[in-house]
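Below is one structure, written out as structure tokens; comments come after it.
The values are calculated or read from the model by the stated rules, or taken from the named source; none is laboratory data. Everything quoted here is computed from the prediction, not taken from an experiment. Cβ placement follows ideal geometry from the backbone for every residue including glycine, while neighbour counts extend to all protein chains displayed. What goes into the accessible areas is simple: the full protein's heavy atoms, side chains included, and nothing from ligands, DNA or RNA. Shrake-Rupley method; radii C 1.70, N 1.55, O 1.52, S 1.80 Å.
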Amino acid sequence: MKRSIRHTLTTFTACAISVALLGGAHGAYAQGQGKANGSGNNLGAGNASDGIKGMIVTDKRIYYTGDPLEISLRFPRGSDLVTSGDVDASVVIFTPDEEAEAIVLPVSGEASPSVRKLFEMEAVDISALPAGQYQLGLVLTQPDGDPLVVSDWHNGLLGLIDIVGIRVTDEAQEDDEDGDGMVDDDDDGDGFSDDDETEDDTEDDTDDDTDGDTDGGTTT
């Protein structure tokens, strides 16, 4: 089941990217100052989980050795449903080690309209926090439910209300030439270079048309 939730997180991320990841206004990483405010609306169907809106808050997406790292949580709407016990909330973390167990942090007691700090590191050190990509998902479950069991999620797949990807590295990154911890050329705020996405779309269209049927129609 731990594999299935990793697959679910990855699938939700891929689907969100394909539709401009929540409309661009609140993407996986919002633009400008908004990038410090988490990754946006519910990934299932935008604010559909009984009016509960929660977000994992980071100030950037790429963290280099020596950078301060802080991860926080905020529930702009519906925090009372979580603190009352009607719904449980957890942050599920997958580390770069795919064989490692998922880390589950119960956060129901931290649900608040204001920002609540979950974790901080004064300076990133890859000997303590290994380099690689980390996936963090904010999951709502039924009371006493297991966030690693999808059938326990609140409102089914809508229980996955936020996903944030964090990259930890001690090397310069090609997609962050200015070293500010933000992916370059990312006007739509999805955490990926828009130029790369355009190239990928073009390649996909080319690859799909392998039968010589240029109009995309069916043969009758």
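Of note:
- Selection of the range 108-131 for residues being open to solvent by less than 20 Å² (accessible area, probe 1.4 Å), out of contact with any Gly (no Cβ under 7 Å at 6 or more places or on another chain) and under 22 Å from residue 97 (Cβ atoms) yields an empty set.
- Within the range 132-154, considering residues that are open to solvent by 70 Å² or more (accessible area, probe 1.4 Å) and among the polar types (S, T, N, Q), the one farthest from residue 51 (Cα to Cα): 133
- Total residues in the range 159-186 satisfying the condition of being assigned to a strand (DSSP E or B) and either among the β-branched types (Val, Ile, Thr) or more than 16 Å from residue 59 (Cα to Cα) (or both): the figure is 7.
- Failed criterion for residue 159 (all others in (1) more than 24 Å from residue 69 (Cα to Cα); (2) open to solvent by 30 Å² or more (accessible area, probe 1.4 Å) hold): (2)
- Test: residue in the range 180-188 that is on the phi > 0 side of the Ramachandran plot and modelled with pLDDT under 85: yes
- Scanning the range 111-153 for residues that are in a strand (DSSP E or B) and of a type in the set (S, T, N, Q) turns up 133, 135, 141.
- Qualifying residue in the range 63-73 (condition: surrounded by fewer than 20 Cβ atoms within 10 Å (Cβ to Cβ) and either basic (Lys, Arg) or within 19 Å of residue 153 (Cα to Cα) (or both)): no
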